[in-house]
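Note sheet for the following structure.
Quick note: the coordinates plus some simple rules give every number you see, no bench work behind them. The structure presented is a predicted model; accordingly, all values stated were derived computationally and were not measured. Heads up, the Cβs are rebuilt from the backbone with ideal geometry, glycines too, and the neighbour counts pull from every protein chain shown.
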Amino acid sequence: MTTLSRPGIVFVVSGPSGVGKSSILRAALERDPNLRFSVSHTTRAPRTGETDGEDYHFVSESAFRELIDADAFLEWAEYQKNLYGTSHAAVEGPTGEGIDLILEVEVQGAAQLRDRLDAVFLFVLPPSSLGELEARLRSRGSDDDDVIRKRLEIAQQEIGHVEAYDYVVVNEDLARAVDDFIVIVRAARLERGRVWDEWRSRFESE
Ligand code: 5GP
């Protein structure tokens, strides 16, 4: 197989909390060796099973604010009283090596990236109602009632931003949603601009 040396493609993925974004993305990462997950910074406390440096860089609010002042972030936003941000380094390192990168960010961060990155924007929708989403959040068991209520309110607001995205994946069935995601990744890799930038020189007369 011919190896291409194009820069990596960035996939920005948003969707309400509990919609199954992480499950879709985890499965996609297992299936596609050229995909990687961008590790964000956050001031939120780690959940059970989360590892610093893998799921997030868990930092204090003062450390996060220092990074903002140092212009370390490509985007950052406050979500449910915690700060979340994608560093320039998290994106530029992997994409410079040709690795396609997934950025899982909420809608305010995604809106900032619209102007700053040439990326593919994807929104994950819950299958039916917010009631179903509520059941999922409860079964996850990691958040209390107030947090869940607030998350549902935010979910409603977030769904209002769907028109700013290029693709929508409805997570009705996980396997199908993963397939849909992979199809979008493959289509992006085949966009004429990207392919032709790489291949043009081979077809130009000498
Ligand atoms: P959680 O606390 O459940 O891991 O994430 C809460 C929300 O923050 C999710 O919608 C997630 O996509 C978003 N998020 C995670 N990392 C980032 C980031 O780097 N920037 C922004 N803007 N949002 C993020």
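So how do 190-201, 31-42, 83-94 stack up, highest first, on mean other-Cβ count within 10 Å?
Numbers: 190-201: 10.8, 31-42: 17.2, 83-94: 19.3.
Put in order of decreasing packing, that is 83-94, 31-42, 190-201.
Quote the charge dipole size of the chain about the Cα centre in Debye, to the nearest 20; the model charges only the Cβ of Lys and Arg (+1) and of Asp and Glu (-1).
Values: 24 positive and 38 negative charges, 78 e Å.
Roughly 380 debye, rounded to the nearest 20.
Considering the options T86, G98, Y56, tell which one lies farthest towards the positive end of the dipole of the chain, charges being +1 on Lys and Arg and -1 on Asp and Glu at the Cβ, about the Cα centre.
G98
What is the dipole size for the stretch 35-89, taken about its Cα centre, with +1 at each Lys and Arg Cβ and -1 at each Asp and Glu Cβ, in debye to the nearest 20? The partial results should precede the final answer.
Details: 5 positive and 10 negative charges, 36 e Å.
Here the stretch 35-89 has a charge dipole of around 180 debye.
Relative to the longest principal axis of the chain, what angle (0 to 90°, nearest 10) does the C-alpha long axis of helix 130-140 take?
Relative to the chain, helix 130-140 is tipped by roughly 80 degrees.
Put a dot 7 Å past each Cα toward the Cβ at S23 and D55; how far apart are the dots in nm?
Simple spin-label model gives 1.7 nm for this pair.
Just from its helices, what would the mean residue ellipticity at 222 nm be for the chain, if runs of 4 or more DSSP H residues each count -39500 (n - 2.57) and the sum is divided by every residue, rounded to the nearest 500 deg cm²/dmol? Mind dumping the intermediate values first?
Values: 8 runs with 93 residues, N = 206.
Mean residue ellipticity at 222 nm (helix-derived): -14000 deg cm²/dmol.
I'd like the distance separating the alpha-carbon centroids of the stretch 77-132 and the stretch 152-166, in whole Å.
So the separation of the two Cα centres works out to 13 Å.
What is the calculated FRET efficiency for D146 to T48, with r their C-beta to C-beta distance and R₀ = 25 Å, to the nearest 0.05? Walk me through the numbers before you get to the answer.
Details: r = 19 Å, r/R0 = 0.77.
Rounded to the nearest 0.05, the efficiency is 0.85.
Using the Cα centre of the stretch 41-148 as the reference point, and only Cβ charges (+1 on K/R, -1 on D/E), how large is the resulting charge dipole? Debye, rounded to the nearest 20.
Using Cβ point charges on Lys, Arg, Asp and Glu, the stretch 41-148 gives about 240 debye.
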